[in-house]
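The values are calculated or read from the model by the stated rules, or taken from the named source; none is laboratory data. This one's a predicted model, so the numbers in the text were calculated from it and none came from an experiment. With ideal geometry, Cβ positions are generated from the backbone for all residues, glycine too; neighbour counts draw on all protein chains shown. Keep in mind that these areas ignore ligands, DNA and RNA; they rest on the heavy atoms of the full protein, side chains included. Shrake-Rupley method; radii C 1.70, N 1.55, O 1.52, S 1.80 Å.
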Amino acid sequence: FASILFSFGCAYSFQGRGNPWKDQGIEKVYIKTLTNNSLRPGVEMMFTSALIKEFSRGKRFRVVNSAEDADAFVEGSIINISSAINQETTVPQIAPDDPQAIHFSNYVIATEYISTATISVQLIRKATKGLLWGQSFTQSKLFPGNNRLGMQGNTSMLINDSQHQMAL
C-alpha cells in the first residue's frame, strides 16, 4: 500500500530535507494507528506501517515510539477500500474451439481488477492539538485476475485476494 499512499503526494510532502515546522519546535512525530473505517479488516496495520516506514526514511522528522516523546503526531483514517472487475472475458473467448463453451457464454471471468483506497491523514501539534497539515487521498491500482495453471478462467479466490493485498 505504500505505493498507493505515497504516490498520492504524501512522500513528496515528507521526504524532503527541510522541515517546514522546525522553527515551531516540531521535530519528533509519533504515528498513531490509523482508524479503519473500511470493510476490509486489518488494513489499518498495513497503512500505518507504510506511514512509519516513509516517515522514518525521510529527513524532515524523527519518528518516536511514544506520544509522550513527540512534538506532533500523525493520525488518520482509512475511509474506504474497494475492488471491482476492470477487464473481463467469457468462456467462449477463452475456448473458441470447444463446442461446449457456448453453454457457458453467460459466465463472466475477471482478467483484471481495480483496487481503490481513500485515506485521510493529518499532522497535529501535540501541545495545542492544532492542525499543521491534513489531506485526503484517493488512489487506484490495477492488479491481475490471476489464475491457476496459467489457464485463463481458472481463477482462484485465494490468489486474487493475495493480489489485492499486494495492490494495497
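Could you please let me know if residue 42 is open to solvent by less than 70 Å² (accessible area, probe 1.4 Å), in contact (Cβ under 8 Å) with a residue 24 or more places away in the chain and of a type outside the set (Phe, Trp, Tyr)? It is false that residue 42 is open to solvent by less than 70 Å² (accessible area, probe 1.4 Å), in contact (Cβ under 8 Å) with a residue 24 or more places away in the chain and of a type outside the set (Phe, Trp, Tyr). Evaluation of residue 48 against the conditions (1) more than 25 Å from residue 139 (Cα to Cα); (2) surrounded by 18 or more Cβ atoms within 10 Å (Cβ to Cβ); (3) among the polar types (S, T, N, Q) shows that the sole unmet condition is (1).
Tallying residues that are open to solvent by 80 Å² or more (accessible area, probe 1.4 Å), over 14 Å from residue 78 (Cα atoms) and in a strand (DSSP E or B) within the stretch 124-140 yields 1. Within the bounds of the stretch 54-61, is there any residue that is surrounded by 15 or more Cβ atoms within 10 Å (Cβ to Cβ), of a type in the set (Lys, Arg) and within 22 Å of the chain's Cα centre (by Cα)? No - not one qualifying residue is present in the stretch 54-61.
Could you list all residues from the stretch 94-121 that are among the polar types (S, T, N, Q) and either modelled with pLDDT under 85 or within 30 Å of the chain's Cα centre (by Cα) (or both)?
Step one: of the stretch 94-121, the residues among the polar types (S, T, N, Q) are 100, 105-106, 111, 115-116, 118, 120.
If the condition is that a residue be among the polar types (S, T, N, Q) and either modelled with pLDDT under 85 or within 30 Å of the chain's Cα centre (by Cα) (or both), then 105, 106, 111, 115, 116, 118, 120 are the ones that fit.
For the structure I just gave you, tell me whether residue 31 is among the β-branched types (Val, Ile, Thr) and modelled with pLDDT of 85 or more.
It is true that residue 31 is among the β-branched types (Val, Ile, Thr) and modelled with pLDDT of 85 or more.
Residue pairs whose Cβ atoms lie under 6 Å apart, separated by 6 or more positions or on different chains, with the first residue in the stretch 97-108 and assigned to a loop (DSSP other than H, G, I, E, B) and the second surrounded by 11 or more Cβ atoms within 10 Å (Cβ to Cβ), are 105/90; 105/92; 107/91.
For the stretch 16-39, how many residues are in contact (Cβ under 8 Å) with a residue 60 or more places away in the chain and in a helix (DSSP H, G or I)? Residues that pass the stated criteria total 1. Against the list (1) in a helix (DSSP H, G or I); (2) at pLDDT 90 or above, the condition residue 13 fails is (2). Only one entry of 119, 79 meets the criterion of being aliphatic (A, V, I, L, M), in contact with a strand residue (DSSP E or B) (Cβ under 9 Å, 6 or more places away or on another chain), touching a residue at least 60 places away in the same chain (Cβ under 8 Å) and surrounded by 16 or more Cβ atoms within 10 Å (Cβ to Cβ), and that entry is 119.
Just one of the listed residues (162, 77, 82) is at pLDDT below 95, among the hydroxyl-bearing types (Ser, Thr, Tyr) and assigned to a strand (DSSP E or B), namely 82.
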